[in-house]
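Some notes on the structure that comes next.
The values are calculated or read from the model by the stated rules, or taken from the named source; none is laboratory data. A quick note: this is a predicted structure, and the numbers were derived from the prediction, not measured. Cβ: placed from backbone, ideal geometry, glycine included. Neighbour counts: every protein chain shown.
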Amino acid sequence: MIREIEDRDVAFLFPVRIATRENRLSMDELAGIGITEVSIREAIKGSHKGWLYEQDGNIVGFAMGDSDANELTVIALLPQYEKMGIGRKLLGKVEKWLKAQGCKSIWLTTDINDQLQAYTFYINNGWQDLKIEQGLRYMSKELI
């Protein structure tokens, strides 16, 4: 079941985020770039919105976007739930919301390795390479 992320969900997003197969970051690494329970709670009160996928009462994936920055900020899925269409559904929710917020072009960052599943996922969902800078791949998508 997909539903909007609420304040009560924030603590339960982190176990999913740190368990991803690709682009895995530890809690300390996330905190080091400013991603904490406090920062996420504040973000979803402002320009961020996200959706999560629940199965049997457990969060197995989520995605968020920032309408001020026109950015897909995160998509994370537990490895055992990959290739089931969940990521595509979560991505679609964020893209639809960003478009409704007036975003015409959106962007994201991902690993520079184009052999990773994440890169193929984005390409297959209409994203295009924009640039590689400071060890990150920037991709964009036009919302028509």
Considering only the stretch 107-125, state which residues are within 15 Å of residue 20 (Cβ to Cβ) and under 14 Å from the mean Cα position of the chain (by Cα). 108, 109, 110, 111, 118, 119, 121, 122
Being modelled with pLDDT of 95 or more, part of a strand (DSSP E or B) and not aliphatic (A, V, I, L, M), is that true of even one residue in the stretch 100-107? yes
Is it the case that some residue within the stretch 135-142 is assigned to a loop (DSSP other than H, G, I, E, B), in contact (Cβ under 8 Å) with a residue 12 or more places away in the chain and out of contact with any helix residue (DSSP H, G or I) (no Cβ under 8 Å at 6 or more places or on another chain)? yes
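Conditions (1) hydroxyl-bearing (Ser, Thr, Tyr); (2) over 23 Å from residue 30 (Cβ atoms); (3) surrounded by 14 or more Cβ atoms within 10 Å (Cβ to Cβ), marked per residue:
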{"position": "70", "(1), (2), (3)": "no, no, yes"}
{"position": "76", "(1), (2), (3)": "no, no, yes"}
{"position": "83", "(1), (2), (3)": "no, yes, no"}
{"position": "89", "(1), (2), (3)": "no, yes, yes"}
{"position": "93", "(1), (2), (3)": "no, no, yes"}
{"position": "98", "(1), (2), (3)": "no, no, yes"}
{"position": "102", "(1), (2), (3)": "no, yes, no"}
{"position": "110", "(1), (2), (3)": "yes, no, yes"}
{"position": "114", "(1), (2), (3)": "no, yes, no"}
So which residues in the stretch 74-132 are β-branched (Val, Ile, Thr) and touching a residue at least 60 places away in the same chain (Cβ under 8 Å), if there are any at all? 110
So, of the residues in the stretch 116-139 that are among the small types (Gly, Ala, Ser) and surrounded by fewer than 16 Cβ atoms within 10 Å (Cβ to Cβ), which turns out to be modelled with the highest pLDDT? 126
